[in-house]
Amino acid sequence: MDVSDNNRAEQYKDEVRERWGGTAAYAEYAAKAESDPAALKDAAAGMERLMDAFAACMQGGAAPDSAQAQTLVQNLQAYITAHFYTCTDEILAGLGQMYTADERFRRNLDQRAPGTAAFISAAIKNAETADR
């Protein structure tokens, strides 16, 4: 990681604390980060693998409402809950929106394959609709 990555990580850390610092999810995340920073780093690598799986699913021709994509949504929610904070349906829906609304997320996700962010967002939206 170079200096610019450290600066970016610190910037995001401050932004996250400012936006969500008063939430129970943030408190849960902060406690996990403090108790085992190495596990959190490993968990971040696992998130990257999940995002890669979404890209592969999309590139394989699956639709956001396919069983394969919906399983990935369930896996994503369970993974976040197990490693970061309790990922409620509401939080998951917010993440899905943020993946496309925030250019930084969209750019990062779309590095895997163009359209990955929109695919994940649509898959989450389909899961949300299916739950109703």
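In this label model, Gln74 and Glu103 are separated by 3.8 nm, measuring between points 7 Å along each Cα→Cβ vector.
Projecting the Cα atoms of Val73, Cys87, Ala117 onto the charge dipole of the stretch 50-117 (Cβ charges, centred on the Cα centre) puts Ala117 farthest toward the positive pole.
Each listed q (0.17, 0.19, 0.30, 0.33 Å⁻¹) maps to a log10 I(q)/I(0) for the stretch 58-98, found by the Debye formula over equal Cα scatterers with no solvent: -0.49, -0.59, -1.02, -1.08. Between Ala93 and Lys32, the contour length at 0.36 nm per residue exceeds the Cα-Cα span by 19.7 nm. Once both labels are positioned 7 Å from their Cα atoms along Cα-to-Cβ, the gap between Asp52 and Ala82 label points is 1.7 nm. In summary, the stretch 36-131 shows an alpha-carbon radius of gyration equal to 1.01 times the 2.2 N^0.38 Å reference for compact globular proteins.
Computed from the coordinates by the stated procedures, all read-outs in this text should not be read as laboratory data. None of these values were measured; they are calculated from a predicted model. Note: ideal-geometry Cβ built from the backbone for every residue, glycine included; neighbour counts use all protein chains shown.
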